[in-house]
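Below is one structure, written out as structure tokens; comments come after it.
The values are calculated or read from the model by the stated rules, or taken from the named source; none is laboratory data. Since we're looking at a predicted model, the values are computed, not measured. Here the Cβ is made from the backbone with ideal geometry for all residues, glycine too, and neighbour counts use every protein chain on show. Ligands, DNA and RNA are excluded from the accessible area calculation, which covers all protein heavy atoms including side chains. Shrake-Rupley method; radii C 1.70, N 1.55, O 1.52, S 1.80 Å.
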Amino acid sequence: MKKIYIIIASLMITSFAKVSAQESQQVDPVKVNVTMNVDNVGDGHFEWSRTYNASQWDNYTRIYGSNALDMLKREMERSLPSWYLENWKYHDDGSEHTWTLSFDALGVAKINDDGNWVIDVGQKKPDITKISDRNYAMTNAYTSYGVLTQEIWKINLPDAAGNIVQDKDAFGKANFTFEMSPGRSGAHMLFLIAGVLLIAAGAVAYFKPDLLSSVGKKNAVKPFTVVSSQAPPAAATPEPPANPNIEKQA
């Protein structure tokens, strides 16, 4: 019986040691904070920061080094292919093991066929919390290459946004739909008409380039052309009648 107790005790000690080793080797999650401010023309202004623990920060600085801005820029352009990104700014803080990247994304919000603005979140069933009428927070957690990442997105919609609705697209991915001038139906129709007129003008200029130029040439006066007025022709002076007495004298 004593041997059985000794075996059980040794197994318990071994299992406890394994659990303690796993807990000591557990990797802290990488914390990502993203703030997206959308303006009244549908462009987004991002501030993207990432925080590591000491060992993760050492790996980051060893891999990225002095090329951090260029490498992060390429990563963002690949992960956000539908937006045009510009105005890059990068800053890191070694004491806090954190880097921050800010940039502008043109065309974050787009106008749909109903004249409303739409912002695609790009995730299925995300955990979105409404902070206020125009401010939302979205959390997400995922594992990549064995590293746990915790993301917190702060989405700030423009002050002119109204009738904000959390919706989803045809693929089930979440988005925000809202109304904002000039994104209403009437303005959308004006934009459509203006686009048609521009296309028509371009077609005329391509197929009949001389049409517009010929219209302007009619009745046109060349520059520095002196227009002289013509004097009326002088009246002819009648010759005096012949003197009949001259023939008689001859």
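Of all residues in the stretch 45-67, which are small (G, A, S) and modelled with pLDDT of 95 or more?
S49
Residues of the stretch 33-76 that are without any contact (Cβ under 8 Å) to a residue 24 or more places away in the chain and either under 28 Å from R134 (Cβ atoms) or open to solvent by less than 30 Å² (accessible area, probe 1.4 Å) (or both): V41 alone.
Scanning the stretch 143-158 for residues that are more than 18 Å from the chain's Cα centre (by Cα) and either loosely packed, with under 11 Cβ neighbours inside 10 Å or under 13 Å from V34 (Cβ atoms) (or both) yields a count of 8. The selection criterion, being open to solvent by 30 Å² or more (accessible area, probe 1.4 Å) and at pLDDT below 90, does not hold for K110.
Determine, yes or no, whether W117 is open to solvent by less than 40 Å² (accessible area, probe 1.4 Å) and over 13 Å from M36 (Cα atoms). For W117, the condition - open to solvent by less than 40 Å² (accessible area, probe 1.4 Å) and over 13 Å from M36 (Cα atoms) - is met.
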